[in-house]
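Chemist: Pasting in a structure now, in C-alpha cells, and then I'll have a few things to ask.
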Protein chains: 2
Amino acid sequence: MDDAAPVPDDARRGAYPKGVARRKEILARAIEVFAEKGSERTSLRAIAEAIGISHAALLHYFSSREELLVEVLREREDRYRDVDAQRDPTEIVGIMHNAAHRNAAVPGLVSLYTTMLASSLESDKEYARDYFTTRFESVRHKLITRIEAGQAAGTVRTDLDARAVAALVIAASDGLQIQWLLDDSIDISKSLALLDRLLEV
Amino acid sequence: MDDAAPVPDDARRGAYPKGVARRKEILARAIEVFAEKGSERTSLRAIAEAIGISHAALLHYFSSREELLVEVLREREDRYRDVDAQRDPTEIVGIMHNAAHRNAAVPGLVSLYTTMLASSLESDKEYARDYFTTRFESVRHKLITRIEAGQAAGTVRTDLDARAVAALVIAASDGLQIQWLLDDSIDISKSLALLDRLLEV
DNA sequence: GTCTATAGGGCGATAGAC
DNA sequence: GTCTATCGCCCTATAGAC
C-alpha cells in the first residue's frame with residue numbers, strides 16, 4: 001500500500017496506487033457477486049451490471065474478461081494462504097478438506113473455478129492456462145512438502161511416491177467438488193477423510 | 001436396427017430408421033473430429049464445417065448444440081460399456097485406469113468432457129446436467145457393486161464405506177485427467193495404481 | 001434431407017466525450 | 001476514471017427453396 005510510486009507493487013500490469021485500490025475494490029465486489037450467482041452470466045456486461053459500473057470501466061482495470069475472471073479466483077485463493085500456512089505441517093488431506101469446507105458456502109465460486117479450468121484448455125486462453133498450471137504445480141509442491149514431513153514424522157505410509165500422492169489428493173478434492181455441485185448428497189468430507197485414513201501408516 | 005417402425009428404438013427423440021442411421025454416422029464423424037481438435041471450435045458452424053455438412057443439417061438430427069455435444073460423449077462412452085463389463089468384477093480402480101488409458105489417445109475428447117461438465121453447471125443446461133448427474137450416479141453404482149464384491153472376496157479393506165470410495169475413485173480419475181491435460185508430466189497411471197494399493201487389504 | 005439465407009441477439013473490445 | 005455509443009464478430013436457431 002505505497003502512495004506515490006508508479007511502480008506496480010501489485011506485481012502485475014502497470015497499475016498506480018489509486019488504480020490498485022479501486023481494482024481491489026472491484027475484485028472484492030466481483031467475488032461477492034460470483035459467490036451468489038456462480039458461473040452464470042459471466043459476460044463482462046453482466047458482471048459490470050451486477051457490480052454497478054459499465055463494462056467499459058471494468059476493462060479499464062482488467063485488460064480482458066479472461067484476466068478479470070482469473071484474478072477473481074486468484075484473489076479469493078490468496079485470502080486464505082496464510083490460514084493454511086499456519087496449520088500442522090504434516091497435515092495433508094486436512095488442508096484440502098479445509099478449503100472444501102470454505103467452498104461449501106460459496107458454490108458459485110466453485111462453479112466459476114470449474115468453468116475457468118475447463119476453458120483454460122482452449123488454445124487461445126493463455127492467461128487462464130498459465131494461472132492453472134502454475135497453481136497446480138504450486139499446490140502439488142506444498143503437498144509434497146507436507147507428505148514428506150508426514151513420512152518423516154511417521155504418520156504417513158512411506159511406501160508412497162509423494163508427487164503421485166499430491167496429484168491424487170488434488171484430483172480427489174477437485175473431482176469431489178464437481179460431483180457435489182451436481183448432487184449435493186455427495187459427502188466431500190467423508191470421502192476426503194477416508195482418503196486421509198488410507199494414507200496413514 | 002428395425003426397419004419400418006416409427007418407434008424411436010434408439011430410445012431418444014422421435015427418430016425414424018433412416019434418420020437414426022445418418023445420425024449415428026454424424027456422431028461417429030463428430031467423435032473423430034473432437035478426438036483431433038478437442039474442445040476448440042465447438043460451435044455448430046465449426047463442427048458442421050469439419051464434418052462436411054451445413055450447421056442447419058446438423059440441427060435436423062440434434063435439436064440443439066448442447067444435445068449434439070452430449071450425445072457425442074454418450075456415444076463414445078457406450079462403445080466401451082461391454083468391454084468394461086467383461087472385466088474381473090472385483091476390480092475397482094482398474095476400470096477407471098482402463099478408461100484413462102483409452103482417453104490418453106484422445107485428449108480432445110477428454111477436453112470436451114471437461115468443458116461440457118463445467119457447462120452443465122449452468123442453470124439453462126438441463127440436457128447436459130441430466131446426462132452428467134445420471135452418468136455419475138450410474139458409474140458410482142457400478143463401482144459400489146465392485147467394491148462390495150472386492151470386500152466379500154477379501155481383496156478390499158472392509159472398513160471403508162463403498163459409496164464414499166466410489167465417489168473418491170471417480171473424482172481421482174476425473175481430476176487427474178484435468179491435471180494431465182494441463183501438464184503431461186502428470187502420471188495418471190501411477191496415481192491410480194497408488195490408490196488401488198491403498199484400497200487393498 | 002440438405003441447402004442458402006437470414007433473423008435476431010449477445011458478445012468483447014475500442015473510441016472518444018465529459 | 002467513467003461513461004455512452006458503436007464496431008464488427010460470431011453465435012444459435014429458424015424459414016423456406018430445392
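Read-outs throughout are calculated quantities, based only on the coordinates presented, and are distinct from any laboratory measurement. Because the structure is predicted, anything quoted here is derived from the model rather than measured. Note that each Cβ is placed from the backbone with ideal geometry, even for glycine, and that neighbours are counted across all protein chains shown.
Chemist: Using only Cα atoms, tell me the angle between helix B:188-199 and the longest principal axis of chain B; keep it within 0 to 90° and round to the nearest 10.
Modeler: In chain B, helix B:188-199 runs at an angle near 40 degrees to the longest axis.
Chemist: Put a label point 7 Å from Cα along the Cβ direction on residue B:201, then list its distances to the equivalent points in the other copies in nm, shortest first.
Modeler: So the label point of residue B:201 gives 2.5 nm to the other copies.
Chemist: Residues with amide H under 5 Å of residue B:156's amide H, sequence separation 5 or more or different chain, H placed in the peptide plane at 1.01 Å from N; which?
Modeler: Under 5 Å from the amide H of residue B:156: B:151, B:201.
Chemist: Taking residue B:101 in one copy and the same position in all the others, each labelled 7 Å out along Cα→Cβ, what are the pairwise distances from the first, in nm, shortest first?
Modeler: 4.0
Chemist: Further, regarding this structure: Over all pairs of distinct alpha carbons, what does the Kirkwood formula give as the hydrodynamic radius of the range A:80-199, in Å?
Modeler: 15.2
Chemist: What distance in nm separates the simple spin-label points at residue A:157 and residue B:142, each placed 7 Å from Cα in the Cβ direction?
Modeler: Those two pseudo-labels are separated by 2.5 nm.
Chemist: In percent, what relative contact order does the range B:134-187 have, based on Cα pairs under 8 Å that are 6 or more apart in sequence?
Modeler: 30
Chemist: Under a point-charge model restricted to the Cβ atoms of Lys and Arg (+1) and Asp and Glu (-1), what is the dipole moment magnitude of the protein assembly as shown relative to its Cα centre, in debye to the nearest 20?
Modeler: Using only the charged Cβ atoms, the result is roughly 500 debye.
Chemist: Right, next: Shortest first and in nm to one decimal, what separations exist between residue B:80 and its copies in the other chains, measuring from label points 7 Å along the Cα-to-beta-carbon line?
Modeler: Distances to the matching label points in the other copies: 3.2 nm.
Chemist: Okay, moving on. Per residue of the range B:24-35, what does 6.51 cos²θ - 1.76 cosθ + 1.60 with θ = phi - 60° give for ³J(HN,Hα)? Whole Hz please, x for Gly and Pro, Karplus curve as stated.
Modeler: Whole-Hz 3J(HN,Hα) from phi for the range B:24-35: 5, 4, 5, 4, 4, 5, 5, 4, 4, 4, 5, 4.
Chemist: Mind putting a number on the dipole of the range B:84-201 about its Cα centre? Charges go on the C-beta only, +1 for Lys and Arg and -1 for Asp and Glu, and I need it in Debye to the nearest 20.
Modeler: 180
Chemist: Right, here's the next one. Rounded to whole Hz and in sequence order, give me ³J(HN,Hα) for the range B:146-160 from the Karplus expression 6.51 cos²θ - 1.76 cosθ + 1.60, θ = phi - 60°, writing x for Gly and Pro.
Modeler: Rounded to whole hertz, the list is 5, 4, 5, 5, x, 5, 5, 7, x, 9, 10, 3, 8, 8, 10.
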